[in-house]
Amino acid sequence: MQNDSHMEDVSHPPVWVRPLGQETIPATGRPLGEVAGYTELNKAMTDNSWSPFSSENDFNLASWFVWSKIAKSQIDAYFAEGLGGTDIRTFRSAYCL
């Protein structure tokens, strides 16, 4: 059996060493308190299950754009050609999406 130098040795746990120049910051990970807009966002999400989108159709269109890997220029062209319809949309450009 050959020993591949690029293979990880699982018989010994890795040794973690702090890189030079890295410092720890006291109190990191501590809650900051009230985050602006957090309460409103949570309320919107419970009132509208499609939040931050305006509707299920809006969510489905956005999902399709993302999962199909549609180019930003094509998303913008979609709306520029009027294909987005007159429905209230959360977004009308790739930038807003």
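The values are calculated or read from the model by the stated rules, or taken from the named source; none is laboratory data. Since we're looking at a predicted model, the values are computed, not measured. Cβ: placed from backbone, ideal geometry, glycine included. Neighbour counts: every protein chain shown.
So the values come out like this:
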item	result
Scan of the stretch 42-81 for residues that are aliphatic (A, V, I, L, M) and at pLDDT below 85, ordered by number	44, 45
Options 21, 84; residue that is in contact with a Phe, Trp or Tyr (Cβ under 8 Å, 6 or more places away or on another chain) and modelled with pLDDT under 75	84
Selection within the stretch 48-60 - out of contact with any Ser or Thr (no Cβ under 6 Å at 6 or more places or on another chain) and in contact (Cβ under 8 Å) with a residue 24 or more places away in the chain	52, 55, 57
Residue list for the stretch 48-96, restricted to those being assigned to a helix (DSSP H, G or I) and within 24 Å of residue 38 (Cβ to Cβ)	58, 59, 62
